[in-house]
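Here is the structure we will look at.
All of the numbers you see were taken from the coordinates with simple rules; none came from a lab. Computed from a prediction, not measured in an experiment: that's the story for all the values here. When we count neighbours, we look across all protein chains shown, and the Cβ atoms used for this are built from the backbone with ideal geometry, even at glycine.
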């Protein structure tokens, strides 16, 4: 197991370095931050002066080497806009995104698993169809559109929730629903498939033969086994929640990491973009590794392989 | 296009509910607090390090400058300066107003002016204001209330430029660097910052000690809360719910829908941002550039149905422009050659120029795609087959500077209500100049070196009249800005469409 963990760690570091090189290369090849900093109406002289002042006129590999050297020492650079360390900016914004991500994945599990179980208990019935339709609809509606619909109904018409902001706990309800709904179909389908497979297994037939009550058979015996793949998928979905909340944070004015990413892209704030992309990819790397480790723990065949 | 459709769908839903939503509980008037939203996030409240429009709005409330451009008349008036005198064409002496207090109680002196202006003129400080600072030479203190500014070259717009540079207390950047004013903003403006959540929300409170001679006057509303709400749909929902009293940059279709709500006031106003089309008259893209021929440039100018685009797409208070400037700007001539929409004439001009079957050309743009597509439709109709090169500003600007773009759609705003702030960039032999007309460039240089307004006006007019007659560039139309506010509120906005809340009033 230790060897497996070390392998995963080495792979994670390699992926992180590749992501940083790729990001730096793509940003450097496509963006002249001096033009973005100077603004639409700035003169050519002003732009050139800023280019030289910020060192954007140096070759890309030198800019990357400087950045990488600093990053190794824990310094992700300074945002030319905020005038603050990028690590501080991220530390300020991360709690909102983490809170939103945790709530959203909880919502997705809370809705997806019961829907999957019900659909498996009543396969190919109208209940199954309704459960599937709810899940598919949730994934099909664009986040932006769904967010505005919720705002109009729950905040403007019914006045049950605040329209935007993060000042109260209730401010997170609508963003949680929108973001969480995206993950429901995957969790629901896997739960349903897992339950259907498990319910065919010999040990379930034995459980029925022993005269156990349906609740015990479904939830104590079947669901525990059916959830093994769901756990793995949920960890990946959690990474999606943390990295994919740009639209939701923007619509609900939550000012988390997603908003920071969006704004830094608009401003061509390269140090912030570089760090945020690294953090987002870090989420995927960590959660993918976590998913592998959980799977390995639950299923010894993966460890051996 | 998908975004547009989504917006239209949103508008439709919002429109439907506008009439249905009951009276919003606008809290603003009852607690004398104006709640406004801005779309663009504020990275740094320091305008020297963040030139975003939201920062420009905040700056004028928290800080004052030496001079002030009146938002309603565009007149230049002294603010922190009590008077000024040009000693020679590159030396300016300024007397300061006495008794002006910063928000922390300190008195404004010459040290603050010297510190601020010397800071922003130093390239090592990496200041990134849109307005040029290159013209500022050494600034020295003559006595506690008098400073001398040496200019690197004669600069006619010096006083107007000084109206957009807020004055900071001496030593501002010593401790926290460029984050100083973002963390602890201190100015002499009509509002002080009472609470701050950087990038999210700013609570301003009327500054009781704001100097009485200020051209901004005493702020009428006690508190202003400015929130950053990026999505227009969310802002509108907040307005309908009563959580906000004022928003701007509302799209025309959404503004139209909101007019149905009797509790909201919707205003439309043309802004000083001008949309334009620039043609490669100098042949920088190659000797065979069709735009080298005057008849081709004039054909393009006659081919575009500018009024049609304004009516159908821009809407609101937008106006077709004839001179390459906004009419309210200093130096903008009214009597220039006009190009009426006449596709038949345009087609015959193309034939005369040797292009009876038209030609193919790329049109480059970084904004306003629907307008650009309408222009392409007009050009295609007379045989000019256009291909859209739609991209971010950054790569387009680089290619434009290198002379690789034959036809460019863009927009420009003067910032200081004077044509001298942007015309040299287009026609003064800069990297962006696609006309390369020696005479026009020299006239603009003469205008920008003189401190005599009559001389400046004469040269600006001569230059822009020739730009029009030679059709080097086609001014299209002014931009339109839609404002939505509670019925009980009145807000003054400037020619750029930005709000001046210190002049806002409850009705």
Inset, instruction - Provide A:5, A:150, B:96 in ascending order of the number of other Cβ atoms located within 10 Å of each residue's Cβ, fewest first. - result: A:5, A:150, B:96
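Shape of chain B from its Cα gyration tensor (a ≥ b ≥ c, root eigenvalues): rounded if a/c is under 1.5, otherwise prolate when a/b > b/c, or oblate? Numbers along the way, then the final one.
Details: a/c = 2.18, a/b = 1.23, b/c = 1.77.
It comes out oblate by the Cα gyration axes.
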Inset, instruction - With an 8 Å cut-off on Cα pairs and a minimum separation of 6 or more residues, tell me the relative contact order of region B:360-423 in percent. - result: 44 percent
Inset, instruction - Give me the angle, in degrees from 0 to 90, between the Cα long axis of helix A:173-199 and the longest principal axis of the Cα atoms of chain A, rounded to the nearest 10. - result: 40 degrees
Inset, instruction - Under 1.5 on a/c is rounded, so check that first for region B:366-507, then, if it is not, pick prolate when a/b is larger than b/c and oblate when it is not; a ≥ b ≥ c are the square roots of the alpha carbon gyration tensor eigenvalues. - result: oblate
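What does the helix-only formula give at 222 nm for chain B: each DSSP H stretch with n ≥ 4 adding -39500 (n - 2.57), the total divided by the residues, and the result rounded to the nearest 500 deg cm²/dmol? Working shown, then result.
Numbers: 16 runs with 150 residues, N = 507.
That comes out to -8500 deg cm²/dmol.
Which of B:88, B:280, B:342, B:437 has the fewest other C-beta atoms within 10 Å, and how do the rest follow up to the most? Show your work: numbers first, answer last.
Details: B:88 9, B:280 25, B:342 15, B:437 20.
Ascending Cβ contact count within 10 Å gives the list B:88, B:342, B:437, B:280.
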Inset, instruction - Take region B:271-479, drop everything but the C-alpha atoms, weight them equally and run the Debye formula without solvent; then report log10 I(q)/I(0) at 0.13, 0.19 Å⁻¹ to two decimals. - result: -0.67, -1.49
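What is the diffusion coefficient of chain A in µm²/s, taking the Kirkwood radius over Cα pairs and the Stokes-Einstein relation at 25 °C with a viscosity of 0.890 mPa s? Show your work: numbers first, answer last.
Details: Rh = 22.2 Å.
It comes out at roughly 111 µm²/s.
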Legend entry - Cα-based shape type of the protein assembly as shown, given that a ≥ b ≥ c are square roots of the gyration tensor eigenvalues and the cut on a/c is 1.5: prolate
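Below 8 Å between Cα atoms, with a sequence gap of 6+, how large is the relative contact order for chain B in percent? Please report the intermediate quantities before stating the final value.
On the way: 1091 pairs, mean separation 102.5, N = 507.
After rounding, I find 20 percent.
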Inset, instruction - Report, to the nearest 10°, how far helix A:86-121 tilts away from the longest principal axis of the Cα atoms in chain A, using its own Cα long axis and a range of 0 to 90°. - result: 20 degrees
Inset, instruction - Please sort B:259-266, B:429-436, B:242-249 by packing, taking for each peptide the average over its residues of neighbouring beta carbons within 10 angstrom, highest first. - result: B:242-249, B:429-436, B:259-266
Legend entry - On Cα atoms only, tilt of A:270-298 relative to the major axis of chain A in degrees: 20 degrees
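Please arrange A:283, B:326, A:68 by counting, for each residue, the other beta carbons lying within 10 Å of its beta carbon, fewest first.
Working: A:283 19, B:326 25, A:68 13.
Placing the least packed residue first, the sequence is A:68, A:283, B:326.
Once every DSSP H run of n ≥ 4 in chain A is given -39500 (n - 2.57) and the sum is divided by its residues, what mean residue ellipticity at 222 nm do you get, rounded to the nearest 500 deg cm²/dmol? Before the final figure, lay out each step's value.
Values: 14 runs with 225 residues, N = 305.
Value at 222 nm, helices only: -24500 deg cm²/dmol.
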